[in-house]
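Below is one structure, written out as structure tokens, with a few remarks after it.
The values are calculated or read from the model by the stated rules, or taken from the named source; none is laboratory data. What you are looking at is a predicted structure, and each value in this text was computed from that prediction instead of being measured. Reconstructed Cβ throughout: ideal geometry from the backbone, glycine too, with neighbour counts over all protein chains shown.
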Amino acid sequence: MRLDDAPESSNVTDSRGMGGKLAIGGGAGGILLLILGLVFGVDLGGGKRAAGPAGPPDEKTLTFTKKVLGTTEEVWNEEFRKMGKRYKPPHLELFADRVRTGCGVAPSSVGPFYCPADEKVYIDPTFFDELEQQLGGSKADFSKAYVIAHEVGHHVQKLLGFHARANNNADSVRLELQADYLAGVWAHHGQKKFNFIEPGDVKAALTSANAIGNDRLQKRAGGFVHPEKFTHGTARQRVYFFKRGLDTGDASMATLQKFFEVPMRGNGELEDF
Ligand SMILES: [Zn+2]
């Protein structure tokens, strides 16, 4: 991924230096309120995470995150303008270990997520390290950007009123697939504006997405129930809708509504459209 031409967002905060000092006040109840935006799921390595305190916050990750968020701001500003609406960009906080949010206190093990109550995206970048291990160094950049774009997709959903329509597990699947689609729409327009996709990027991102659909996660879960992890749609559909957004760039309300209109099959897949 090439971000030379990307603008840096001013909406990123970095609280990684403060990790581990938070008192857990909300308890488990607070944690359950999170909208879990687990793009790539959590604990890909079977629960093993790099142990010990992280080193000093690295500037590289901060700059990368600011640039990717900057591209989402440019793309969604314009797409909202086309709809006759105004885009209010979300904030993004990089944190370590755990973080206090408008949705409760969250441990980094929940993976990247979006909190609708404070309209912020939260990411512990050690999650990015897992993608790097999976894909190999810089090949993971576009997959990381996809994670951010997916979470920003949840913010777009909130602004457009889709969050308010989701009341059950089936609706969560619809929201997650739509967020993948919105990440695809970002990639489509971002590519036109910033020419940021390099050869192999899309394939690597799709490989990641394919590795973490519900069905695969279920296999990895090994009998232990993680209900919050089963709301992302099957791997095939995640890839399908990301690609669909990437190919069409179509963020019209008519298309976005379809995610809530088409029937859901018994296998937990939406009917393709
Ligand atoms: Zn999500």
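Numerical summary
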quantity	calculated
Meets criteria (surrounded by 22 or more Cβ atoms within 10 Å (Cβ to Cβ) and farther than 23 Å from Ser10 by Cα) for Arg165	no
Given (1) away from the ligand (no atom under 15 Å from the Cβ); (2) in contact with a strand residue (DSSP E or B) (Cβ under 6 Å, 6 or more places away or on another chain), index of the condition Gln134 fails	(2)
Of the criteria (1) surrounded by fewer than 24 Cβ atoms within 10 Å (Cβ to Cβ); (2) in contact (Cβ under 8 Å) with a residue 24 or more places away in the chain; (3) within 15 Å of the ligand (Cβ to nearest atom); (4) not polar (S, T, N, Q), which one Lys139 fails	(3)
Within region 248-266, tally of residues that are acidic (Asp, Glu) and modelled with pLDDT under 95	1
Residues of region 82-100 classified as aliphatic (A, V, I, L, M) and free of Cβ contacts under 8 Å to residues at least 12 places away in the same chain, total	0
Selected residue [within 16 Å of the ligand (Cβ to nearest atom) and free of Cβ contacts under 8 Å to residues at least 12 places away in the same chain] from Ala145, Ala149, Ala166	Ala166
Output for region 191-209, where each listed residue is acidic (Asp, Glu) and either in a helix (DSSP H, G or I) or closer than 18 Å to Asp180 by Cα (or both)	Asp201
Residue, nearest to Glu269 (Cα to Cα), within region 176-189, restricted to residues that are in contact with a helix residue (DSSP H, G or I) (Cβ under 6 Å, 6 or more places away or on another chain) and within 11 Å of the ligand (Cβ to nearest atom)	Leu177
